[in-house]
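In what follows, a structure is listed as structure tokens, so that the remarks can point back to it.
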Amino acid sequence: MSYHGGHRMLLSLGQACGYAMKGTHAKYGKFAYSRAYGFSVAPGGYTLEQFALDSTLGLSDDGGEVWKTRRLRESAGIEIFEGAPVLVSAWKPFKDVRNPDIPYTAN
């Protein structure tokens, strides 16, 4: 969390609910939350026009028909990068996506 010049901002490693909830990705999948700027909750969940992608990364693997954002994360933590603490989280938008630095193991 930071506070600079009257602006409060919270960076998030990602969180998820264990049960179905309306707008879960929009409420809990953001990378940042700001007191100065409200966030959007999408009216739908598939097309780009229906998604609320503020402070979020949206990905599609079918030409833009269905979009996915971060919901469940595989790992999260704080690491030191160039002498400063940074938030790091890993997530898979699609089952066939993986980090090339981590050896592949079939599930």
Residue hits (segment 18-39; out of contact with any Phe, Trp or Tyr (no Cβ under 9 Å at 6 or more places or on another chain) and among the hydroxyl-bearing types (Ser, Thr, Tyr)) are TYR19, THR24, TYR28, SER34, TYR37
Limited to segment 50-98, what total is found for residues that are part of a strand (DSSP E or B), free of Cβ contacts under 8 Å to residues at least 24 places away in the same chain and over 12 Å from GLY14 (Cα atoms)?
7
Test ILE80 against the stated conditions and say whether it is among the aliphatic types (A, V, I, L, M), at pLDDT 80 or above and over 14 Å from the mean Cα position of the chain (by Cα).
yes
Can you run down the residue pairs with Cβ atoms below 6 Å, 6 or more apart or on separate chains, where the first is in segment 17-40 and closer than 14 Å to ARG70 by Cα and the partner is open to solvent by 90 Å² or more (accessible area, probe 1.4 Å) and among the basic types (Lys, Arg)?
HIS25/ARG71; GLY29/ARG71
Only residues that are open to solvent by 70 Å² or more (accessible area, probe 1.4 Å) and hydrophobic (A, V, I, L, M, F, W, C): list them for segment 71-100, please.
LEU72, ILE78, ILE80, PHE81, LEU87
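The values are calculated or read from the model by the stated rules, or taken from the named source; none is laboratory data. Note that the structure is predicted; figures quoted are calculated from it, not measured. We place every Cβ from the backbone using ideal geometry, glycine too, and count neighbours over all the protein chains shown. In case anyone asks, the SASA skips ligands and DNA or RNA and just uses the protein heavy atoms, side chains included. Shrake-Rupley method; radii C 1.70, N 1.55, O 1.52, S 1.80 Å.
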